Structures are given as structure tokens and as C-alpha cells.
1. Select from segment B:89-106 the residues that are farther than 16 Å from A:LEU29 by Cβ, among the hydrophobic types (A, V, I, L, M, F, W, C) and either at pLDDT 90 or above or crowded, with 17+ Cβ neighbours inside 10 Å (or both) and list them in ascending order.
2. Which numbered condition trips up B:TYR28, out of (1) open to solvent by less than 20 Å² (accessible area, probe 1.4 Å); (2) of a type in the set (Phe, Trp, Tyr); (3) more than 9 Å from chain A (Cβ to nearest Cβ)?
3. Looking at (1) under 30 Å from A:ILE6 (Cα atoms); (2) of a type outside the set (Phe, Trp, Tyr); (3) part of a helix (DSSP H, G or I); (4) in contact (Cβ under 8 Å) with a residue 24 or more places away in the chain, can you tell me which one B:ARG103 breaks?
4. Hey, does segment A:245-265 have a residue that's more than 27 Å from A:LEU30 (Cβ to Cβ), in a helix (DSSP H, G or I) and not small (Gly, Ala, Ser)?
5. For segment B:202-295, please list each of the helices (runs of 4 or more DSSP H) lying entirely inside it that holds at least 2 residues being without any contact (Cβ under 8 Å) to a residue 12 or more places away in the chain.
6. Determine if segment B:187-203 includes at least one residue that is in contact with a Leu (Cβ under 9 Å, 6 or more places away or on another chain), modelled with pLDDT under 85 and within 7 Å of chain A (Cβ to nearest Cβ).
7. Given the structure, is B:ILE76 facing another protein chain (nearest Cβ under 9 Å) and β-branched (Val, Ile, Thr)?
Amino acid sequence: MFPTPIEKTRATTRTLYNVALPVALILWLLPLIAVAVTSVRSGGDITAGNYWGWPTSFNLLENYTAIFENTPFGNYLWNSFRVTIPTVIGAVALSCMTGFALGVYKFRSNLLIFFMFVAGNFVPFQILMVPVRDLTLDMGVYNTATGLVLFHVAFQTGFCTLFMRNFIRALPFELIEAARVEGVSEIRIFWYVVIPLMKPAIAALSVLIFTFIWNDYFWATVLTQGAESQPITAGLYSLNGQWVAAWHLVSAGSIVAALPPVLMFFLMQRHFIAGLTLGAVK
Amino acid sequence: MQSYWKANQQRLAPWLFLAPGIAMFALYVIFPIFQSMSISLYEWDGLGEKSYVGMGNYVELMDDEAFYTSLKNNVIWLVLYMLAIPAGLFVALFLNQTVRGIRIYKSLFFFPFVISQVVVGLVFSWFYDPSFGLLNVALGAIGLDPIAVLADERYVTYGIIAAGLWPQTAYCMILYLTGLNAVDPEQIEAARLDNAKGVKMLWYVILPQLRPATFIAVVVTVIGALRSFDLVSIMTDGGPWGSSRVLAFYMYEQAFSEYGFRMGYGAAIAVVLFLIMMVYITGFLWKMYQDEKGR
């Protein structure tokens, strides 16, 4: 193991490390800790400039209910779910199929199609912006969750295909061969042989896509406007304009907006990391 | 029909499985790339008639001060964003231990990547706040005058990049942590017997084995730098006086904002950005192609 395991080092180094670890963590997360503390401050603290001292009062409930009152915060949050969940289902379903096709079958344009998905996944969003906005308008789904879902599903299919295809490649091919010898149809092989083996990949991708889509801001501003359809990222930005210098509300809003992906991450940690490092570690 | 399927299913099945994915991807990703290229040859407000101007938009770009500012900022982003890679490696080496509770530490260090860039942007604009922000409280404590980072043309881009480096470092850290897990312990032992340690060990033994992790880290960091839009939009809206614009942001601003809808001009900027990105995409595909052939 590198660096040298700390338990094999001198006692001073060990003590030093044990002190350095929490200190580094606090420094690293200082901005977030500050936000969390601010989110329970009173408005009075903020106007008095008491940003960093001890809060004069703890307004946890007040602040967190205040963001839902008088603002469409709940709406924004709900919209985020309405966009994120169908996107996850759609993108994972499509890429199970594309990944299967590209991972199992040998045909001439296989690599070409695979590279098309991979390359498309890396293009800058801006080159898609104008045509995708037009397309969304033409289909009559501009400013709806459906419009966002359709685009996200299509775009994420690129990344998901890359992931699924590499995962399927690593599966034991003999299983598929054996099923073929038995005369099982290709569709049944997909459903009864391959899908059950893909469960870890499906879990990993779901968490990852959930986080990506939940945190999307660019497409939310391009394809939607107004509280009835915008997700929380765009909503938080417009509320930030409304809550000028009301940092306790902005902070509480930020915390709530960050919560779902953070919970996802902690619940599904192992899968999440597996998803991020695709192919990086063989 | 039935028998035709039976006889040819191994040839037909892949296309059946690919059809929905390819259709969606073509409609929303592949065609739009070409449509944008074509729109960039027109003057268009997004609603009325398009009028063909040939290379007109690109000629205009060559004389556009704001375009050069954005391009320059994109270069600064590209260069400084790379700091996330050594920084991530450093954090990963720091955390690659087996003391109690280390898994919690690793997860918490990864936190910044999980939260939205909108939140990161808000947190940092507040951190830079000239009157009460933590940065200026700290500067005041050591007797320096406050700096309004986000309102100062000289510092604004660096301020935003610093905010971007925070989640990006976390990302690179995770890539390296998983990479370090896969490093061959026997090689390390062998190197230790040869008296290799510290930086030398890292450079000659560890880093070569971390090549795949470094590769992915470079790819995601370059793409992150070129895609930088969220933070600029949230923290400064391109200001002050457009000095923190990047190509992605400038394109958006031109295509639809209070300055009017100039879809053609915006598309031309997007094409430039796309061409820059294409250099890296081609490199990535080339590497993948070599790997595939090697199998």
C-alpha cells in the first residue's frame, strides 16, 4: 500500500495524522458548514453582520418553513423529482438495450455506433442549445417537465451506453452461448440472462444519473421558465434574486436542494463510486 | 415471418435493441450538432425569417472584443482547472489509509462533487462577499483591505475557477482513491526493498500504475473546464462588464438574453467551442480505439 500505512509509522506521525484528518476535513467543508450554520440563523443576525459568530438564536424550524411559505420552493422541488425520476428510468432502460446490443453482438458498424454515443456524450451543450430548444418548442413540450425529460434521456443515453456496454463486455460470455445452444431467443436472453446480471450496473447508473440530472442547471434555464415547470436548481437561482441578502433563507434553500443527491450518495455510496470510475480501474 | 426471424435473429436483434436509443440520440444530439453548424451561417432572431450570411458571423467573431475575452478566459479555465488533478491526487494520498472511520472521511471529502454547482456558486459568492464574507473577514484579521473578488475584473475569473476547483478536486480524488486501490502491492514491496520511498516512489512506481485514473481525470477536467457555465452564470452573470465570460456563457448570452436573440451568432460561438472540444474528443476516441484493438 502507498503511502506507508500509518500504523507502521512512528507514534508521532500517527498522532499527527489523527489530528490532521479532522482538521483537514473541517477546512475542506468549511463553506458547507458555514451554510449549514447560517441556515439556522435569524434574519437579525444577518443584518447585523453576524455571519461567522455564534448564532444569537436557532431558527431551524422558522427558516426551513419560511422557504416553503410565500415562495414556490415546494413547486421547484416537486418539478425536480418530476424531471429526475423519469429520466433515470428512461436513460437506464434505453442504455440496457444499447449496451447489450453493442456489448454482445459482433457486426461491422458496432464500434462506429459505440463511438458515436461516446463522442456525443462529450460535446459542449451549447452546440445543441438552439436546435434542441426549437425542437422542444415544435413538439409543444417547451416549458414542461416532459420536454426536459425527453432531452435528458436522449443525452444521458450516450454516457449510459458507454457504461453498460463496458459492463456487459466483462460478463461471462459463456452464459449467453449456453443459452443460445439451448435455443433461447435473443430477446429472452436479454431479459432472463443478461438483465439479472446487470443489476449492479443498473444501480450504479441510477444513482449517478439521478445526481447529474438533479443538479442540471443549464438545460433547466434553456427549456423551462417559471415556477410551474422549473426544477430546483433554476428555482434557487431566481429565489436568490428575490431573497436579496437574506442569506439565512438562501442557505436553508441550498441545503434542501442539495439533500436528495447527498442522501442518494450516502445510501448507495458503493454503486456511486463504481459509476464514476468506469473503466478507470480494471 | 416467424422463420425469417428465427433464422436471422442474431443479425437482427442488435438493431432491434439499438433502434430506440439511436433514434433518441440522433434526434437530440447528432442532428442538432449539424443544425447548429448550419444556423451559424444565418442571421436569425429565433422567430422570423433566417437570412443567409455565409461566413459573416465568423468574420464578425474575429473582431469581437467579447469573444476574445471569453476565449482567453476559457484558456485560463483549462490551465488552472488542471490543478484539480494534482490536488485530487494529493488528497487521495492523504486519505489512502486504513485508520478507523476513514470511509466516512472519504465520503465527506467527496461531498462537494455531489451537490449542485448552483449551490457551490451561491456558497462561494457569499464566501467572497466584500462586507462580511469569510475571505474578507480573514483578510481583515491579518490587516489587509477587503477585496471584492467578484466585482474586480482582475480577480473575478480566478475567483470563479477557485470555486470550480473545489468539486473538481473531489472528483479527481475519488478517481485516484480507486486507482490507488488497484496498485500492485508486490511492486511497492519490491521497490521498498530497493530503498525507493516518498516522491521517488510516487513518481517511478505509483504514478505509472495510476495512468488509467489520470487519463479519466484529465478527460473529465478538460470537459468540465470547457463546459463551465453554471458557476459563471450564478456567481457573476458574466460580469463585471463581461470580464468573466467564457465561450459557453457568451454563446448563451448572445443566443437569448436581454441583448436580443442572435441565434446565428450564438451558434457560431458554439461551433468554435465544439471544435476546441473536438480535439480532446478525438484524442479520447483514439485512445479507446487503441484499447479496443488491443483486446
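The values are calculated or read from the model by the stated rules, or taken from the named source; none is laboratory data. Because the structure is predicted, anything quoted here is derived from the model rather than measured. Cβ sites come from the backbone with ideal geometry, for glycine too, and all protein chains shown count toward neighbours. The accessibility values were calculated without ligands, DNA or RNA, using every heavy atom of the protein model including side chains. Shrake-Rupley method; radii C 1.70, N 1.55, O 1.52, S 1.80 Å.
1. Matches in segment B:89-106: B:LEU89, B:PHE90, B:ALA92, B:LEU93.
2. In the conditions (1) open to solvent by less than 20 Å² (accessible area, probe 1.4 Å); (2) of a type in the set (Phe, Trp, Tyr); (3) more than 9 Å from chain A (Cβ to nearest Cβ), B:TYR28 misses (3) alone.
3. It is condition (4) that B:ARG103 fails.
4. The answer is no; no qualifying residue exists.
5. Once the helices (runs of 4 or more DSSP H) in segment B:202-295 are filtered for at least 2 residues that are without any contact (Cβ under 8 Å) to a residue 12 or more places away in the chain, what remains is B:263-294.
6. No, segment B:187-203 contains no residue that is in contact with a Leu (Cβ under 9 Å, 6 or more places away or on another chain), modelled with pLDDT under 85 and within 7 Å of chain A (Cβ to nearest Cβ).
7. In short, no.
Per-residue answers, yes or no, for (1) of a type in the set (Gly, Ala, Ser); (2) farther than 30 Å from B:ASN8 by Cβ:
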{"residue": "A:ALA179", "(1), (2)": "yes, no"}
{"residue": "A:GLU182", "(1), (2)": "no, no"}
{"residue": "A:ALA220", "(1), (2)": "yes, yes"}
{"residue": "A:ALA227", "(1), (2)": "yes, yes"}
{"residue": "A:LEU259", "(1), (2)": "no, yes"}
{"residue": "A:MET264", "(1), (2)": "no, yes"}
